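Okay, structure first, notes after.
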């Protein structure tokens with residue numbers, strides 16, 4: 001048996017002081033033995049608008065916050081949390097989670113189309129039905145309908161979250177150089193040996209994670225632009241009443257606005273076309289890992305329109321970093337694999353943004369705006385309701401098909417497999433499902449009352465403890 | 001398989017299926033070993049497992065044993081299941097890799113329940129709880145394919161498929177589109193159709209001889225192009241795994257069924273004659289031959305367009321790879337399932353066709369890479385065949401997979417297609433490709449604690465295998481063959 005011959009990286013430098021940097025630092029410190037691996041965060045400034053674009057956090061198995069020990073209740077109570085059950089894009093609601101249930105081996109949308117149901121498609125979505133009345137309940141088995149369980153997006157203030165992550169990371173052994181990086185010592189093959197900070201100190205490193213925002217400190221110019229240069233700004237306003245469990249997106253010719261409701265404020269991120277050479281363009285790195293430096297967060301992906309899946313992209317990239325954490329001497333193949341998988345996810349999210357942009361176009365114009373690969377997938381969906389997922393799936397078929405249905409891109413034909421279910425039986429099953437959804441959702445409290453109750457319960461618990 | 005599956009999946013008033021086959025052409029019938037996916041196929045058809053196994057004289061299969069591949073005398077099993085369990089999201093092999101060189105823990109096979117049970121000749125249906133040891137494996141079947149076809153034919157006919165016996169002598173095409181419109185039989189009967197599925201085997205009567213879809217030849221990667229096959233009497237109790245033994249000009253299979261063994265030698269005709277292969281096969285047969293040795297000729301590769309005009313090629317008409325990992329029936333099943341979800345709704349099926357062709361190409365290429373790995377990850381240079389293999393320029397996709405595993409013990413995972421991470425891991429390790437490093441998260445656990453945990457797992461695997469029933473007894477109780 002050959003001995004292990006590798007030299008794992010022992011000094012990791014993380015550039016940045018925002019959510020992406022501290023999330024990566026905390027996760028790496030939790031997963032690695034920090035006596036063997038030194039992790040240093042270098043940074044002391046953030047762009048607030050970029051940070052606030054991470055305010056929406058999908059609940060998925062890839063969630064890192066829960067794994068780090070920041071629970072859903074922590075988000076709610078300590079980080080001004082709230083929830084949403086879908087996106088409202090200019091009045092077109094895209095709910096979270098599955099719609100209806102498959103019967104007889106055919107997806108629900110085929111049965112719905114075949115039945116020519118008087119109910120709208122999304123009446124079979126618990127998230128959609130709850131959202132209409134501003135109701136909310138967490139997705140728990142007790143409110144699942146058969147296998148149909150709604151999904152939610154958690155909201156939290158990213159600046160507050162970052163402030164909470166810092167001490168956790170430091171407690172786990174992460175060093176913090178509270179100065180911005182201003183230069184790199186780098187050889188011709190893009191291997192960075194140390195980082196120069198603006199206080200004159202130098203941090204030696206084997207591996208660098210660039211989470212400094214729109215930084216181009218390292219690497220080649222591989223940015224794939226997906227549109228005009230855009231400036232990002234953010235506002236914090238008083239919360240809307242009643243509190244709506246929904247992320248609202250508006251657009252006009254020159255801007256996108258995403259409104260994310262929190263408990264005590266509403267965050268609005270504006271992305272406006274800017275006529276300046278220095279304004280960054282939306283897009284993504286095609287090779288987020290160059291030499292021994294990996295870009296994360298806004299250093300790797302910058303969106304035109306703020307969507308919840310940017311946080312998911314960040315979390316998946318951080319998970320992948322750890323899985324592919326390289327050997328200090330051998331990182332050719334892992335680098336290529338990381339870049340393949342991550343850039344495919346970048347392309348997927350950029351494709352979803354394009355779908356939002358061209359949602360109102362007729363089929364032929366939409367196809368040319370989407371690009372060949374995505375257009376082919378949409379064409380097959382349009383024709384017969386069959387969605388083809390790729391290998392690297394940041395978004396699953398539910399995300400895509402819910403969006404397409406919300407935008408009126410419905411299948412022209414149903415899958416004939418759905419015809420195996422007799423019409424009367426299908427109608428009965430669909431009616432029962434709609435009734436059950438209405439009954440279950442009626443039990444959900446209004447979102448405001450749900451959050452108030454959570455705050456009250458925690459306060460009472462604390463009071464009980466101190467007494 | 002195709003007729004039964006489509007007749008089951010699609011409503012009768014939508015599709016009328018005519019099956020045209022000739023008893024005189026017969027069934028190749030050497031595809032006797034399967035993969036666990038076939039269970040889902042049979043379940044979808046509503047087939048009772050015990051009834052199917054009795055009808056096809058099937059045995060259970062927990063994996064494939066590869067003998068003499070890395071070097072003569074070496075052996076490993078590619079199991080249908082995991083080695084150990086991931087801990088904290090880190091694959092078991094990283095933990096094993098950390099300790100393997102420090103304190104001998106035994107082979108990684110000792111941590112795989114299907115391997116330990118298989119080698120002990122034992123079997124039990126896996127538990128439905130994947131988080132328990134008893135749920136860490138799957139299984140497939142070793143069956144008599146010449147009996148599976150009539151079994152499915154009866155099923156298809158009971159679901160409305162109309163069968164016509166005889167040979168096709170001519171094919172009619174529409175003059176403008178080139179689409180197939182009808183086939184005419186030697187008795188003069190003419191069968192018109194909107195859509196045709198070519199399951200005519202290597203010959204490709206419709207897809208190639210009529211439509212000229214083209215064939216992508218992969219012999220430069222998979223040079224074996226012939227096989228000789230013969231059934232024999234059972235010489236020993238039926239092992240719950242298939243054997244594939246590397247030979248001087250290819251490899252030899254042995255597939256135990258309930259009533260006989262299937263045997264064959266797959267070889268490269270540039271390195272060995274058919275007579276030579278036949279003699280080599282006969283020398284190593286454990287049982288008595290039950291028939292004459294049959295020769296099969298094939299070209300490894302795939303049809304360039306599996307769906308061309310109004311015709312889809314399924315089975316050998318669509319392509320053929322070395323039968324090393326029992327993928328032939330899987331590729332039939334995959335084509336059927338991909339076709340059903342894209343079944344033409346009308347005459348304008350370009351999106352379905354293009355997507356089907358792209359998907360099937362990916363299926364074939366992923367199987368191809370996995371098969372090539374067996375040949376190239378070897379130290380053998382003891383014959384012209386193996387020396388030739390050493391010079392093969394492997395596909396970039398495979399080169400990347402090997403490099404990634406060597407560098408870090410990880411996989412460029414995919415969601416679509418056959419052979420996921422556990423299978424790649426089995427062959428990498430089995431053929432001696434070891435990662436240079438392991439996942440650093442493994443270092444979170446103290447070495448002594450880790451060693452204790454692994455030893456405990458090894459003991460649990462051995463103990464659990466010991467509680468399983470002897471395979472032959474299990475077969476006798478569950479599904480004795482209808483002979």
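The values are calculated or read from the model by the stated rules, or taken from the named source; none is laboratory data. None of the values given here were measured: they were computed from a predicted structure. Please note: Cβ atoms are built from the backbone with ideal geometry, for glycine as well, and neighbour counts cover all protein chains shown.
Annotations
- Identity of the residue in the stretch A:43-54, in a loop (DSSP other than H, G, I, E, B) and in contact with a strand residue (DSSP E or B) (Cβ under 8 Å, 6 or more places away or on another chain), that ends up nearest to residue A:24 (Cα to Cα): A:43
- Any hit, the stretch A:114-121, residues being modelled with pLDDT of 95 or more and surrounded by fewer than 22 Cβ atoms within 10 Å (Cβ to Cβ): yes
- Complete set of residues in the stretch A:356-391 that are part of a loop (DSSP other than H, G, I, E, B) and at negative phi: A:358, A:359, A:360, A:361, A:362, A:386, A:387, A:388, A:389, A:390, A:391
- Strands (runs of 3 or more DSSP E) fully within the stretch A:237-343 counting 3 or more residues that are more than 14 Å from chain B (Cβ to nearest Cβ) and at pLDDT 90 or above: A:247-251, A:255-261, A:266-273, A:293-295
- Within the stretch B:411-438, considering residues that are buried (at least 22 other Cβ atoms within 10 Å of the Cβ) and over 22 Å from the mean Cα position of the chain (by Cα), the one modelled with the highest pLDDT: B:435
- In the stretch B:410-433, the residues that are within 11 Å of chain A (Cβ to nearest Cβ) reach residues that are surrounded by 16 or more Cβ atoms within 10 Å (Cβ to Cβ) and in a loop (DSSP other than H, G, I, E, B) with C-beta atoms within less than 7 angstrom, at least six apart or across chains, in these pairs: B:410/A:324; B:432/B:70; B:432/B:377; B:433/B:377.
- Qualifying residue in the stretch B:388-396 (condition: more than 20 Å from residue B:327 (Cβ to Cβ), away from chain A (no Cβ under 11 Å), at pLDDT below 95 and assigned to a helix (DSSP H, G or I)): yes
- Any hit, the stretch B:364-385, residues being without any contact (Cβ under 8 Å) to a residue 60 or more places away in the chain, part of a helix (DSSP H, G or I), within 14 Å of another protein chain (Cβ to nearest Cβ) and closer than 16 Å to residue B:215 by Cβ: yes
- Residue within the stretch B:156-173 that is in contact with a strand residue (DSSP E or B) (Cβ under 8 Å, 6 or more places away or on another chain), closer than 26 Å to residue B:482 by Cβ and assigned to a strand (DSSP E or B) present: yes
- Candidates A:65, A:28, A:23, A:57, filtered to the one that is outside any loop (DSSP other than H, G, I, E, B), under 18 Å from residue A:211 (Cβ atoms) and within 14 Å of chain B (Cβ to nearest Cβ): A:28
- Here residue A:365 passes the criteria (1) more than 14 Å from every other protein chain (Cβ to nearest Cβ); (2) free of Cβ contacts under 8 Å to residues at least 12 places away in the same chain; (3) surrounded by 17 or more Cβ atoms within 10 Å (Cβ to Cβ) except the one numbered (3).
- When residue A:381 is tested against (1) at pLDDT 90 or above; (2) more than 12 Å from chain B (Cβ to nearest Cβ), only condition (2) is not met.
- Of all residues making up the stretch B:463-483, the number that are touching a helix residue (DSSP H, G or I) at 6+ places or on another chain (Cβ under 6 Å) and closer than 18 Å to residue B:136 by Cα: 3
- Any chance residue A:317 is buried (at least 22 other Cβ atoms within 10 Å of the Cβ), in contact with a helix residue (DSSP H, G or I) (Cβ under 9 Å, 6 or more places away or on another chain) and farther than 28 Å from residue B:94 by Cβ: no
- Test for residue A:418: is it in contact with a helix residue (DSSP H, G or I) (Cβ under 8 Å, 6 or more places away or on another chain), at pLDDT 95 or above and within 24 Å of residue B:345 (Cβ to Cβ): no
- Any helices (runs of 4 or more DSSP H) falling wholly within the stretch A:395-467 and containing at least 1 residues that are touching a residue at least 60 places away in the same chain (Cβ under 8 Å), surrounded by fewer than 16 Cβ atoms within 10 Å (Cβ to Cβ) and over 26 Å from the mean Cα position of the chain (by Cα): A:423-442, A:447-466
- Scanning the stretch B:111-129 turns up one or more residues that are more than 14 Å from chain A (Cβ to nearest Cβ), over 15 Å from residue B:461 (Cα atoms) and within 24 Å of the chain's Cα centre (by Cα).
- Test result for residue A:70, surrounded by 19 or more Cβ atoms within 10 Å (Cβ to Cβ), in contact (Cβ under 8 Å) with a residue 12 or more places away in the chain and either within 14 Å of another protein chain (Cβ to nearest Cβ) or more than 26 Å from residue A:242 (Cα to Cα) (or both): yes
- Residue selected from the stretch B:30-66 under the condition touching a strand residue (DSSP E or B) at 6+ places or on another chain (Cβ under 6 Å) and over 20 Å from residue B:419 (Cα atoms), by the criterion surrounded by the fewest Cβ atoms within 10 Å (Cβ to Cβ): B:30
- Residue match in the stretch B:128-136 (condition: surrounded by fewer than 22 Cβ atoms within 10 Å (Cβ to Cβ), in contact with a strand residue (DSSP E or B) (Cβ under 8 Å, 6 or more places away or on another chain) and in contact (Cβ under 8 Å) with a residue 12 or more places away in the chain): no
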